[in-house]
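> The structure's right below; bear with me while I get my questions together.
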């Protein structure tokens, strides 16, 4: 990927002297800038999806160490999630047409439980290592997905003026992608239900109420 080409824009006024006006920026995601410190990417073997009132959090995990670590945290606005789901569905379909269905990794017995018995976010994160440089997350409002025979690549992008840029690059092992897609889809469904039936707002001194986490490992 190279630098952005000049972006087109639309104005709500044809007369530049008629007063304040706004511009809608259209970025070229395919030509987004890839900073050097992002280009190498981060490898992950699973993910956890969390939903708040105003954002989705995707924690990509590295489960080859103890305690398991959050390798990358991505923060997405809700409007991006259905587009991510659609893009991931399309990429998974292309993958299956070429390589077949990814073989699901074996699941530990303690994790083979129905959704209504899933652990809370707090219980899950008590078992994870979350470094200080990861805890605040990396924001993105667009994503590009690619794949090879062994992994899927996710370029999370910020489409800020004047250039689009890749804010995080994550590689997820192919066998974990169907579960990741399932977690995203289920979590977004919960989010829509919460929007239709909003819970009682917490007191000022309370933390946001997160529903059960959606692990995809």
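> Which residues, counting only those in segment 180-217, are within 16 Å of the chain's Cα centre (by Cα), modelled with pLDDT under 85 and either loosely packed, with under 11 Cβ neighbours inside 10 Å or not in a loop (DSSP other than H, G, I, E, B) (or both)?
214, 215
> Please go through segment 130-142 and pick out each residue that is surrounded by 15 or more Cβ atoms within 10 Å (Cβ to Cβ) and more than 15 Å from residue 42 (Cα to Cα).
139, 140, 141, 142
> Any residue in segment 145-166 that is modelled with pLDDT of 90 or more, assigned to a strand (DSSP E or B), exposed (fewer than 15 other Cβ atoms within 10 Å of the Cβ) and on the phi < 0 side of the Ramachandran plot?
Yes, the conditions are met somewhere in segment 145-166.
> Which residues, counting only those in segment 41-56, are modelled with pLDDT under 95, assigned to a loop (DSSP other than H, G, I, E, B) and over 20 Å from residue 189 (Cβ atoms)?
45
> Here's a follow-up. So which of 121, 103, 140, 174 is modelled with pLDDT under 90 and under 18 Å from the mean Cα position of the chain (by Cα)?
On the way: 103 fails: under 18 Å from the mean Cα position of the chain (by Cα); 140 fails: modelled with pLDDT under 90; 174 fails: modelled with pLDDT under 90.
Only one candidate qualifies: 121.
Residue-wise test of (1) outside any loop (DSSP other than H, G, I, E, B); (2) closer than 21 Å to residue 191 by Cβ; (3) modelled with pLDDT under 95.
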| position | (1), (2), (3) |
| --- | --- |
| 58 | yes, yes, no |
| 64 | no, no, yes |
| 74 | yes, yes, no |
| 83 | yes, yes, no |
| 87 | yes, yes, no |
| 93 | yes, no, no |
| 96 | yes, no, no |
| 110 | yes, no, yes |
| 134 | no, no, yes |
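> All but one of (1) more than 18 Å from residue 152 (Cβ to Cβ); (2) at pLDDT below 95; (3) touching a strand residue (DSSP E or B) at 6+ places or on another chain (Cβ under 7 Å) hold for residue 78; state the number of the condition that does not hold.
Result: residue 78 fails condition (2) only.
The values are calculated or read from the model by the stated rules, or taken from the named source; none is laboratory data. Note that this is a predicted model, so its numbers are computed, not measured. In this analysis, Cβ positions are derived from the backbone assuming ideal geometry, glycine residues included, and neighbour counts consider all displayed protein chains.
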